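Right, one structure below, let's go through it.
The values are calculated or read from the model by the stated rules, or taken from the named source; none is laboratory data. All of these numbers come straight from a predicted model, not from anything done at the bench. Counting neighbours? That spans all protein chains shown, and the Cβs are built from the backbone with ideal geometry, glycine included. Protein only, heavy atoms only, side chains kept; ligands, DNA and RNA dropped before computing areas. Shrake-Rupley method; radii C 1.70, N 1.55, O 1.52, S 1.80 Å.
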Amino acid sequence: MPLKSLEEYEKLAKQAHGHLCAGQILGLRMALYGVRLLALDDPAGTDRKRLVTFVEIDRCMTDAIPVVTGCRLGKRALKFRDFGKVAATFCDLREGRAVRILARESARGRARELFPEIANRNQQQMCAYRQMPDGELFEIQWVRVDVPPEDLPGYRSERPVCAQCGEPVSFRREVLREGRTLCRACAGERYYTPV
Ligand SMILES: [Zn+2]
Ligand SMILES: [Zn+2]
């Protein structure tokens, strides 16, 4: 399954996300740019074990990234870092190189310039984001990402049991506190309160 056209990806993104929106177009363009910069011809197929993607925001755009890259949370190939930035980093594990792509703030203004006749902002941005060159939409930065073995797809781990709650913990997410093995919740990171 080599790379498809943007139009074909839009259909798939609409199915996956529930609607088509400017965020989908932006996410598709970002992912396409990322895999092209890394020279991956078939990210969701033959190259699927080479790619890990970090996303920095949980918005519409995020749902479009796996459509192109095949990187999914459940495959451990999509990593969420909650930085609140419209950015993603595409890592080629085989070549050990990575590129971080950030959406330019100026892209929305450029969309207004290109399609002043379209009043609806979402429609305006969709039209613009389909045709704007990569350099107008994004800025890129080559980076190094050290992905530890326990974060990689396919990692086989022990599943120690938390000394406090008794729940098993995978992928070395356990923490050692005063000689006790605890899960992160019991170690103080609990985001929920039992009622
Ligand atoms: Zn959306
Ligand atoms: Zn626990």
How big is the dipole moment of the chain about its Cα centre under a simple scheme where the beta carbon of each Lys and Arg is +1, that of each Asp and Glu is -1, and everything else is neutral? Debye, nearest 20, please. 300 debye
Run the accessible area of segment 27-94 with a 1.4 Å probe and give the carbon-and-sulfur part as a rounded percent. 50 percent
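Report, in cubic angstrom per residue, the convex hull volume of the C-alpha atoms of the chain.
It is 154 Å³ per residue.
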In whole Å, what are the Cα extents of segment 79-195 along the three principal axes, biggest one first? 64, 44, 22
Among all the lysines, which ones have a C-alpha under 18 Å from K75's C-alpha, if same-chain residues fewer than 8 places away are not counted? K49
Run the reach check for K11 against aspartates and glutamates, Cα to Cα strictly under 16 Å, same-chain hits fewer than 8 apart removed. What comes back? D63
Which is farthest toward the positive dipole end of the chain among L40, Q164, L73, measuring Cα position about the Cα centre, with Cβ charges +1 (Lys, Arg) and -1 (Asp, Glu)? Q164
So what's the angle, to the nearest 10 degrees on a 0 to 90 scale, between helix 60-69 and the longest Cα principal axis of the chain? 90 degrees
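Using only helices, what value at 222 nm comes out for the chain when you add -39,500 (n - 2.57) per DSSP H run of length 4 or more and divide by the total residues, to the nearest 500 deg cm²/dmol?
Details: 6 runs with 62 residues, N = 195.
So the calculated ellipticity at 222 nm is -9500 deg cm²/dmol.
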Nearest 10 degrees, 0 to 90: what angle lies between the long axis of helix 6-17 and the longest principal axis of the chain (Cα atoms)? 40 degrees
Under 13 Å, Cβ to Cβ, from A103 - net charge with Lys/Arg +1 and Asp/Glu -1: +2
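So how strong a dipole does segment 62-156 carry about its Cα centre when Lys and Arg Cβ are +1 and Asp and Glu Cβ are -1, to the nearest 20 debye? If you can, show how the numbers build up before the last one.
On the way: 17 positive and 13 negative charges, 47 e Å.
Value, rounded to 20: 220 debye.
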So for the chain, averaging the separation of alpha carbon pairs under 8 Å that are six or more residues apart and normalising by length, what relative contact order in percent results? 16 percent
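Quick one: compute the contact order of segment 1-82, relative version, from alpha carbon pairs under 8 angstrom and 6+ residues apart, as a percent.
Details: 120 pairs, mean separation 28.5, N = 82.
Answer for segment 1-82 is 35 percent.
Taking 45 Å as R0, compute the FRET efficiency from the Cβ-Cβ separation of E105 and R177 and round it to 0.05.
Working: r = 43 Å, r/R0 = 0.95.
After rounding to 0.05, the efficiency reads 0.55.
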At a Cα cut-off below 13 Å, give the aspartates and glutamates reachable from K4, other chains included and same-chain residues fewer than 8 away excluded. D41, D42
